[in-house]
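I have placed the structure first, in the form of structure tokens, so that the comments after it can refer back to it.
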Amino acid sequence: QKIRSIKVDNGPWVGYEYPEYQGQQFILEKGDYPCYQAWSGNSSYRTEHMLSFRPIKCANHSDSKITMYECEDMMGRKFEMCDDYPSLMAMGWCSKEVPSIKVNSGAWVGYQFPGYRGYQYIFERDRRQGEYRKYYEFGTQAHSNQIQSMRRIQH
């Protein structure tokens, strides 16, 4: 079944390409999505299929905090963020990759490319105890640990 449009009345949601929360993730915040380009945004991956949905629990923006690590298992140099960054490298992260992440509070969406483009990865404090120790824990569609922009999910 193809989805022609989506309207989110309350709260943020994540839509998945396949049943049982599998496949590419798409963040859906309050508002209208008249066609698949609207929820795909600047993603290089577009689909008219979303076969499972779930709500996202998140804190107010003032409470959101996330820590990125240069190595898997939350090892090595770390960088804490509490704001949106359209380019992680511009803010001082020295790599196109983020091997592991700890969500201290709130919910975040990471993007494959700068400017909030490419594949989307949802990171939540209330899932996995906020710990994403290896890139394949970012989601079933994660094929690499390339994340180059990150923002807080609208509450």
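The residues of segment 96-128 that are closer than 21 Å to CYS58 by Cα, basic (Lys, Arg) and in a loop (DSSP other than H, G, I, E, B), listed by number, are ARG125, ARG127.
One residue is enough: does segment 35-58 have a residue meeting the conditions farther than 15 Å from VAL109 by Cβ, loosely packed, with under 14 Cβ neighbours inside 10 Å and at pLDDT 90 or above? Within segment 35-58 (the criterion being farther than 15 Å from VAL109 by Cβ, loosely packed, with under 14 Cβ neighbours inside 10 Å and at pLDDT 90 or above), the answer is no, since none of the residues qualifies. Across segment 68-92, the number of residues qualifying as in contact with a Ser or Thr (Cβ under 9 Å, 6 or more places away or on another chain) and part of a loop (DSSP other than H, G, I, E, B) comes to 7.
The values are calculated or read from the model by the stated rules, or taken from the named source; none is laboratory data. Here the structure is a predicted model, which means the values were calculated and not measured. Reconstructed Cβ throughout: ideal geometry from the backbone, glycine too, with neighbour counts over all protein chains shown.
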